[in-house]
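The values are calculated or read from the model by the stated rules, or taken from the named source; none is laboratory data. Note that this is a predicted model, so its numbers are computed, not measured. Here the Cβ positions follow ideal geometry from the backbone for every residue, glycine too, while neighbour counts run over all protein chains shown.
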Amino acid sequence: MNTIFGPVYSRRFGVSLGIDLSSTGKQCNFDCLYCELAPLPAISHQHTITPVEIILDDLLIALKSHPHVDVITLTANGEPTMYPYLGELITRINAIKGDIQTLILSNSASLSDESIFHALLKLDQVKLSLDAATQEAFKKIDRPAEGIEINEIIHAIQHFSHTYTGKLFIEILFVRGVNDTEKEVIALNKALQEIHCERIDIGTIDRPPAYPVEGLNFSDLFKLSHYFDSTLPIHIVSRTHATAHPSNYDDDEILTTLDKRPLTKDDIDALFDEESKKRFQTLLDDHKITAIERSNIIFYLPSTNSERKRPKTPKKS
Ligand code: SF4
C-alpha cells in the first residue's frame, strides 16, 4: 500500500491522511530550487499513472485503520494536479469520505486548465502556491516546464478564489536573493489584492533543498511581511522563530505593530522581550487586544480593528 501515507499531524490542517498521486517517483511540472525531492527537469504530463481503483482500495483500507483523521490530503511526489483522473478520483473520494475534509496541496500551474479548475472546486480545502508574481522570478525559483506563464497562473487563482466556496489557502515560499526583493513582494502584494482566501502563509526553506540555496530567518520574513497590505491575512510560517532578537515594545508600539500585522503567539514570543510580553498580556486581559482564529491558527490584533479588518469575508461571484 504505497499510495497512502500517514496520518501525520499538521498544525495548519490537523490530522491528515495523505494520498500520493505519483507514488512511483517525482513527476512535476516545476523543478523548484527549494524542492525537498531530488532535482529533476520539469515535465508536462505524468508518465506513470496509478489507477483510480488502486488508490481508492488503499484509501478504504487506511480509513478502516485510521477512522479519526481530520483531512484526506491529495499530494504527490511532484504535482498532484498532473494526475489525469483527478476529477473522477475526487468525486469518488467525496462519496466515501463522510465528515472528513478533503485538501489538495498544489503548485497552481494547472489551474487554468478548465478540468482541473472544476475538479478543485469539489474539495473542502485547497492550498495553492504562489512564489512569485513576475515571470523573471517565477522562472528562477520554480523552474517551470516550457510554456507555463505566471500571469496566467495569477489570473486563474484570482478567478478560482471568486468561484470557490471552500477554504482557500495561499502559500509563498521565500528563497534568499531569488524572490525576496522589494520589487517581487510588491508585485505579489498586488496580485494578492484580487485573491480572496482564508490565509496567506509566508515561509521559507526548512528542509534540505534540491539546489544550493538559502532560506530566510524569522526577522527577514517579518520585515517582508510589512510590504504586504495589512488587510491581507498573512501568517508567517517559520521554524526559525528563535533567530529573532526580542525587543522592548511599549503599549502603543504593541498595538501599532498588531494593527499593521496581526501576530501569532509564536511571533510574539520571538519578537517581544519579557516586559513586553507582560504588557501584551495586560492589553489582552483589558480587552484592548482580541484573539481571532483563522483555520487552526490564533492571531492577535487590536480590538478596535478586529471588525474592520478580519475576518475578511470572501466575495463570491
Ligand atoms: S512543485 Fe513541489 S514537487 Fe514540484 S518541484 Fe516544486 S516543490 Fe518539488
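What number goes with the only condition from (1) modelled with pLDDT under 95; (2) surrounded by 20 or more Cβ atoms within 10 Å (Cβ to Cβ) that Gly98 does not pass?
(2)
Sort through Leu111, Leu103, Leu128, Leu123 and tell me the only one that's part of a loop (DSSP other than H, G, I, E, B) and touching a strand residue (DSSP E or B) at 6+ places or on another chain (Cβ under 6 Å).
That would be Leu123, the only listed residue that is part of a loop (DSSP other than H, G, I, E, B) and touching a strand residue (DSSP E or B) at 6+ places or on another chain (Cβ under 6 Å).
Of the residues that make up the stretch 62-74, is at least one free of Cβ contacts under 8 Å to residues at least 60 places away in the same chain and of a type in the set (Gly, Ala, Ser)?
Within the stretch 62-74, one or more residues are free of Cβ contacts under 8 Å to residues at least 60 places away in the same chain and of a type in the set (Gly, Ala, Ser).
Take the residues in the stretch 14-42 that are out of contact with any strand residue (DSSP E or B) (no Cβ under 7 Å at 6 or more places or on another chain) and within 18 Å of Gly215 (Cα to Cα), then tell me which one is surrounded by the fewest Cβ atoms within 10 Å (Cβ to Cβ).
This residue is Ala38.
Surrounded by fewer than 18 Cβ atoms within 10 Å (Cβ to Cβ) and acidic (Asp, Glu): which single residue out of Asp58, Asp131, Asp113, Asp142 fits that description?
Asp113
Restricting attention to the stretch 132-146, and to residues there that are within 16 Å of the ligand (Cβ to nearest atom) and out of contact with any Phe, Trp or Tyr (no Cβ under 9 Å at 6 or more places or on another chain), which single residue is farthest from Ile43 (Cα to Cα)?
Looking at residues that are within 16 Å of the ligand (Cβ to nearest atom) and out of contact with any Phe, Trp or Tyr (no Cβ under 9 Å at 6 or more places or on another chain), I get Ala137.
Mind counting the residues in the stretch 131-167 that are part of a strand (DSSP E or B) and without any contact (Cβ under 8 Å) to a residue 60 or more places away in the chain?
Total meeting the criteria: 0.
Would a scan of the stretch 37-59 turn up a residue that is among the charged types (D, E, K, R) and within 16 Å of the ligand (Cβ to nearest atom)?
no
Looking at Asn94, is it in contact with a Cys (Cβ under 8 Å, 6 or more places away or on another chain) and not acidic (Asp, Glu)?
no
Quick one: is Pro208 surrounded by fewer than 17 Cβ atoms within 10 Å (Cβ to Cβ), within 16 Å of the ligand (Cβ to nearest atom) and farther than 23 Å from Ala133 by Cβ?
Yes, satisfied.
Can you give me the number of residues within the stretch 67-117 that are among the acidic types (Asp, Glu) and within 12 Å of the ligand (Cβ to nearest atom)?
1
Modelled with pLDDT of 95 or more and within 16 Å of the ligand (Cβ to nearest atom): which single residue out of Lys122, Lys127 fits that description?
Going through Lys122, Lys127 in turn, the sole match is Lys127.
Between residues in the stretch 227-249 that are among the aromatic types (Phe, Trp, Tyr) and residues that are in a helix (DSSP H, G or I) and at pLDDT below 90, which pairs lie under 7 Å by C-beta distance while being six or more apart or on different chains?
Tyr249/Thr257
Anything in the stretch 1-23 that is within 14 Å of the ligand (Cβ to nearest atom) and assigned to a loop (DSSP other than H, G, I, E, B)? List them, or say none.
Matches in the stretch 1-23: Leu21, Ser22, Ser23.
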